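What follows is a single structure, written as structure tokens, with notes after it.
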Amino acid sequence: MKLKQQLEDFYVKEINDLQIKKKGEYCYLLVKKKNWTTLHLIDTLANRLRTDPARFQYAGLKDKDGITEQVISGYKIDTEFLKNIKIKDVDITLLGFSDEPIKVGSHQGNEFTIIVRDLDHALNTENLQIPNYFDDQRFGGSIRPVSHLIGEAIVQENYEEAVRRCLCNPYPNESMENKKYRQKIEQLWPDLVTIVPPKNLFEEQRIIKSLQEEPENYQRAVISLPKRMLLLYIHAYQSYLFNMRLAEYIEQQEKYIYSEYVLGKIPIPLQTIEEKNLPLIGMEINSLPQCTIKTIQRAAVITGKNCQVSPLEKDEINQDKFKQTVTFSLPNGSYATIAIKTWYARSLA
């Protein structure tokens, strides 16, 4: 089973209930994008508008690998200038205005259309109950899944280790340029005066610049990152702990099967299990109080809605294999890739 072999294989659209006005301090923008993360697009858009990225808000982060449609808000943005901005693989439509920004988690959920490839047999979608794991994207994706490790070091206030986890330790799936860069840092550590990060590594550029200005001031280097990036790392660690707790709960059930994800294997229940909430544990960081997060509850299992599955079709990419197109919706914060992995794992049981 393979996902996202082509960008067109993965389409996600936010489900929103927006109160739009003709005037207001916040403009609402419908953004359709391909091969862009939400944060990278916001940074690029802010740069074109010569404004602070913090003026933009979103309901949920969307992955780079696919076609995504979401609404973001911008505070006191020059919408006339905005109309003239052209960004490759991005369409931006001004929906209107509001007195309130878009907030994290304010959308009702997401609709997905996903082409699942490299199949030998049909997915098993009979039981639409899905374990509510966080998936690869939360931890940095399949190329460099270290976000939770950086977050762990930040929570422990071990800022040197946080910097090392961000800059060092090349992963096999990284580009040769990025791997050589990380290896050079390991060789020169802690003398990074001559290091020039690749242009595609935005967070690393900020950290290196800070360390070149104040060598070995690792806390300053970490704080040089935007607050939203720091929170992303901390939430990744929080999510990792949640996944471990959810896996323990499912392993208490009578029947389950394992599925692989970027951090190892996770158990998938083979029968309907009791719906309950598990804690997303809060984090308090004395030296970084602006990044303290509270404990909240998250559903252990969720249900896919409006699910439609196409018959098996010949896969034009993978020889002698099949593909299926699946359309469904999930609550916000839940992962479509986990739904697909669940239905695929059950088809093997």
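Laboratory data are not the source of any read-out in this text; all were calculated from the coordinates shown. Predicted, not measured: the structure shown is a model, and the values here were computed from it. Quick reminder, even Gly has a Cβ in these numbers, built from the backbone with ideal geometry, and neighbours come from all protein chains shown.
See the values below:
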read-out	value
Other-chain or far-sequence residues with amide H under 5 Å of residue 60's (modelled H)	105
Within a Gaussian network of the chain (alpha carbon springs, distance under 10 Å), most fluctuating of 201, 30, 49	201
The chain: relative contact order as a whole-number percent, Cα under 8 Å and 6+ apart	21
Magnitude of the charge dipole, segment 50-119, Cβ model with Lys/Arg +1 and Asp/Glu -1, debye to 20	220
Residues 202, 328, sorted so that the one with the fewest Cβ neighbours within 10 Å comes first	202, 328
Set 64/209; 62/180; 22/76 screened for pairs whose C-alpha atoms are more than 19 Å apart	64/209; 62/180
Cβ charges +1 (Lys, Arg) and -1 (Asp, Glu), total dipole of segment 145-297, debye	400
Within segment 262-349, GluC sites (Glu not before Pro) in DSSP loop having at most 16 other beta-carbon neighbours inside 10 Å	274, 275, 284, 316
Of 32/179; 13/34; 179/341; 103/294; 265/341; 34/227, those spanning more than 21 Å from alpha-carbon to alpha-carbon	32/179; 179/341; 34/227
3J(HN,Hα) from dihedral phi, segment 317-333, Karplus parametrisation 6.51/-1.76/1.60, rounded to Hz, x for glycine, proline	9, 10, 4, 6, 10, 10, 9, 9, 9, 10, 10, 6, 10, 9, x, 5, x
Highest-MSF residue in the chain out of 71, 31, 196 [GNM, Cα springs under 10 Å]	196
Positive-end extreme of charge dipole, segment 226-349 - chosen from 319, 348, 296 (charges on Cβ)	296
Coarse-grained scattering of the chain at q = 0.07, 0.08 Å⁻¹, given as base-10 log I(q)/I(0) from a Debye sum over alpha-carbon atoms	-0.33, -0.44
Per-residue ³J(HN,Hα) for segment 18-34, Karplus 6.51 cos²θ - 1.76 cosθ + 1.60, θ = phi - 60°, Hz, x for Gly and Pro	9, 9, 9, 10, 7, 9, x, 6, 10, 8, 9, 10, 7, 10, 10, 9, 9
Mean ellipticity per residue at 222 nm, deg cm²/dmol - from DSSP H runs of n ≥ 4 across the chain, formula -39500 (n - 2.57)	-9000 deg cm²/dmol
Hits among aspartates and glutamates - C-alpha to C-alpha of residue 199 under 16 Å, sequence gap 8 or more where chains match	43, 174, 177
In order through segment 116-125: 3J(HN,Hα) via Karplus (6.51 cos²θ - 1.76 cosθ + 1.60), integer Hz, x for Gly, Pro	9, 10, 6, 9, 9, 8, 6, 5, 9, 9
Residue 15 long-range amide H proximity, modeled H, under 5 Å	108, 109, 110, 111
Built amide H within the under 5 Å cut-off of residue 298, gap 5+	278, 280
